[in-house]
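Structure, as structure tokens:
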Amino acid sequence: MTYTPGQLSSAKAGPTPQLAVVMGSDSDLETLNPAIEVLQDFDLQVVVRILSAHRTPLEMVNFAREAESKNLKVIIAGAGGAAHLPGMIASLTTIPVIGVPVKSKSLSGVDSMHSILQMPGGVPVATVAIGGGLNAGLLAAQIIGTYNSKVHEKVLAYRQSLHNQVVTKDKKMQELGASAYLSQMPKRSEN
Ligand code: RP5
């Protein structure tokens, strides 16, 4: 099976979403969107919420307390700065939480990363890289794939597509040489 982004989302699997993507602010959505998109590409339904640990703490508590009864299996939580959302949700449920540190203006997301990473013993949060929305989505899919063979197949197809892309690039590099390869590459943005 070949993975093509956007082409796998026609049929949604099951009426009950097993995944949630939550964020502290709508300003985090750009970072979290790759997680939402890749999960939808894998035919998984996703609950998406804005829940702030500081601005709407009671709504956050209600969400986390109800998560198990709503059959959620993985929660992706992204936040920036004093990024308490993933840890607070993890403290309220035993559903695995994947934290996404959002790049902040003043400290480039190092503040977010430390806030999410440095959980006390006993309350883990699995943390991806700063801005790592895509990997959070893929990790969540891999967890669902441990018991859902259709999702597991899509994860394998995704990995195969990564492999194929690199093999194709390597072939082209060998054909063109490094200088010509570089000159035909799109320019990377500074950040
Ligand atoms: C955090 O504060 C949010 O997760 C967001 O990353 C950051 C800034 O929020 P806004 O001021 O953009 O709403 O709680």
Restricted to the range 37-49 and to residues being of a type in the set (Val, Ile, Thr) and more than 16 Å from the ligand (Cβ to nearest atom), the residue surrounded by the fewest Cβ atoms within 10 Å (Cβ to Cβ) is Val47
Residue in the range 68-79 that is within 15 Å of the ligand (Cβ to nearest atom) and without any contact (Cβ under 8 Å) to a residue 40 or more places away in the chain present: no
Query raised in the report: What do you reckon, is Ile130 within 19 Å of the chain's Cα centre (by Cα) and over 23 Å from Asn71 (Cα atoms)?
Result: yes
Those residues of the range 102-126 which are more than 11 Å from the ligand (Cβ to nearest atom), of a type outside the set (A, V, I, L, M) and either more than 10 Å from Ala82 (Cα to Cα) or in contact (Cβ under 8 Å) with a residue 60 or more places away in the chain (or both) amount to Ser108, Gln118, Pro120, Gly121, Gly122, Pro124
Q: For the range 32-47, state whether one or more residues are out of contact with any Phe, Trp or Tyr (no Cβ under 9 Å at 6 or more places or on another chain), part of a helix (DSSP H, G or I) and more than 23 Å from Ala157 (Cα to Cα).
A: no
Within the range 167-191, of all residues that are at pLDDT 95 or above and among the hydroxyl-bearing types (Ser, Thr, Tyr), the one least open to solvent (accessible area, probe 1.4 Å) is Tyr181
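The values are calculated or read from the model by the stated rules, or taken from the named source; none is laboratory data. What you are looking at is a predicted structure, and each value in this text was computed from that prediction instead of being measured. Heads up, the Cβs are rebuilt from the backbone with ideal geometry, glycines too, and the neighbour counts pull from every protein chain shown. For the accessible areas, the whole protein counts, side chains as well, though only heavy atoms, and no ligand, DNA or RNA atoms are used. Shrake-Rupley method; radii C 1.70, N 1.55, O 1.52, S 1.80 Å.
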